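Visitor: Take this structure first; my questions come after.
The values are calculated or read from the model by the stated rules, or taken from the named source; none is laboratory data. In this text the structure is predicted, and so the values were computed from the model without any measurement. Backbone-built Cβ (ideal geometry, glycine too); neighbour counts: all protein chains shown. For the accessible areas, the whole protein counts, side chains as well, though only heavy atoms, and no ligand, DNA or RNA atoms are used. Shrake-Rupley method; radii C 1.70, N 1.55, O 1.52, S 1.80 Å.
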Amino acid sequence: MSNQKIFVTQPFLPPLEEFLPHVKEIWESKYLTNGGPKHQLLETTLAEYLGVEHMALFNNGTNALMTALQALELTGEVITTPFSFIATSNALLWNGIKPVFSDIDPITLNLDPSRIEAAITPQTTAILPVHCYGNPCDIAAINDIARRHNLKVVYDAAHAFAVHDKNGSVLGKGDLSILSFHATKVFNTFEGGAIICQNAEMKKKIDNLKNFGIEDEVTVSIAGANGKMSEIHAAMGLAQLNHINEAIAQRGQVDARYRAGLRNITGLTVLPKLNQTVSNYAYFPILVGDNYPLSRDGIYNCLAEHGIRTRRYFYPLISEFPMYSPLESAAAENLPVATQMAQRIICLPIYPDLPLDDVDRILSVLTLAK
Ligand SMILES: *Cc1c(COP(=O)(O)O)cnc(C)c1O
């Protein structure tokens, strides 16, 4: 078997010749940042592509999330998932908010709505769910809980670019959603992100917060930060948008190849395709069962020996890191499903130009592993 390296992900790059004319225009205009023409064009075309009305671009997803929490003026406690990338909870701590971890659903690996209410206290101001791996949360159930308890909902939709559930795009839901356009994500601007909001008034507030709170030359109304996306980053997004459907379709072919191959391998379980969901195939997570000859870490090491890189997303759980582990809600007994899933999960390589032959090579390593 060939031993050529396979990365777990590779950035999606548009043709260079479609990016370079943007660079030339930026040089000629000397407009480098501060809501220039590339920024404006990307903001409107991307919103249209995603089927959302109000969007504010950011320099990264973490900044977008921290600003989203500021925009809603959240305080006290926010209920969130331990099964995510560390940025989800770090954004709460940076806002002086106490994360309260609630357990996940064993099928979707998203916050389990039936557990959320037990975590609500008089200090709770919001719920911060994650559409993990781009699989939609139970938006209707979360919305219902939020409405009954007068809570805000901020979706960390960093994985959910262009994802739809049976009611359309998942991105316009809740009070705010944030996206990440980091190099490793389905759609990237090198670094970048966005907040999606419900109305023009909120967009104005967010735009203000991302530009130091400056209203005009002599008026600063609010203690904002710097979340602006530069023109070169926006140009990357514009060049990429022309090819994003094709890139997602290629990811879909990788996904289909894995699903077909894994049907014949006992002990490895693929997360089910959710009904009426339009996926972006952002990740390919599998669960390693007791009836597979290797443990999860055994698979990780075995594939690495064959030059195949994988990621144990999301192990360790956020709740296990030292900033969070002293919290009462971080106890493993409070998070039995997340704790078990973190031991079993492994994400296989997936990106648009991953050759299907490489997928077959990965599948044959998994088939022959002992
Ligand atoms: C990538 C990611 C982020 C952070 O986005 P950046 O653009 O890298 O700052 C936040 N949450 C989740 C779930 C992510 O995967």
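Visitor: In region 175-213, what residues are β-branched (Val, Ile, Thr), in contact with a Gly (Cβ under 7 Å, 6 or more places away or on another chain) and away from the ligand (no atom under 11 Å from the Cβ)?
Guide: Once the filter is applied, which keeps residues that are β-branched (Val, Ile, Thr), in contact with a Gly (Cβ under 7 Å, 6 or more places away or on another chain) and away from the ligand (no atom under 11 Å from the Cβ), region 175-213 yields only Ile196.
Visitor: Looking at Leu92, Leu20, Leu69, which one is assigned by TED's automatic domain parsing to the domain that holds Asp156, over 27 Å from Gly237 (Cβ atoms) and outside any loop (DSSP other than H, G, I, E, B)?
Guide: Going through Leu92, Leu20, Leu69 in turn, just one is assigned by TED's automatic domain parsing to the domain that holds Asp156, over 27 Å from Gly237 (Cβ atoms) and outside any loop (DSSP other than H, G, I, E, B): Leu92.
Visitor: Of the residues that sit in region 63-87 and are closer than 13 Å to Val154 by Cα and within 14 Å of the ligand (Cβ to nearest atom), which one is most open to solvent (accessible area, probe 1.4 Å)?
Guide: Result: Met66.
Visitor: Kindly evaluate Ser325 against the criterion of being under 30 Å from Ile116 (Cα atoms) and open to solvent by less than 50 Å² (accessible area, probe 1.4 Å).
Guide: No: the conditions fail for Ser325.
Visitor: Okay, moving on. Where in region 138-222 are there strands (runs of 3 or more DSSP E), lying fully within it, with 2 or more residues that are hydrophobic (A, V, I, L, M, F, W, C) and open to solvent by less than 50 Å² (accessible area, probe 1.4 Å)?
Guide: Once the strands (runs of 3 or more DSSP E) in region 138-222 are filtered for at least 2 residues that are hydrophobic (A, V, I, L, M, F, W, C) and open to solvent by less than 50 Å² (accessible area, probe 1.4 Å), what remains is 152-156, 176-180, 193-197.
Visitor: Find all pairs meeting these conditions: Cβ atoms under 6 angstrom apart; at least six residues apart or on different chains; first residue within region 330-356 and within 12 Å of Arg251 (Cα to Cα); second residue crowded, with 21+ Cβ neighbours inside 10 Å and of a type in the set (Gly, Ala, Ser).
Guide: Close Cβ pairs satisfying both conditions: none exist.
Visitor: Of the residues Thr44, Thr33, which single one is modelled with pLDDT of 95 or more, assigned to a loop (DSSP other than H, G, I, E, B) and over 30 Å from Val254 (Cα atoms)?
Guide: None of the other options fit; the residue is Thr33.
Visitor: Now a separate question. Given the criterion at pLDDT 95 or above, closer than 18 Å to Gly227 by Cα and either within 16 Å of the ligand (Cβ to nearest atom) or in contact with an Asp or Glu (Cβ under 9 Å, 6 or more places away or on another chain) (or both), identify the matching residue among Leu109, Leu57.
Guide: The unique qualifying residue is Leu57.
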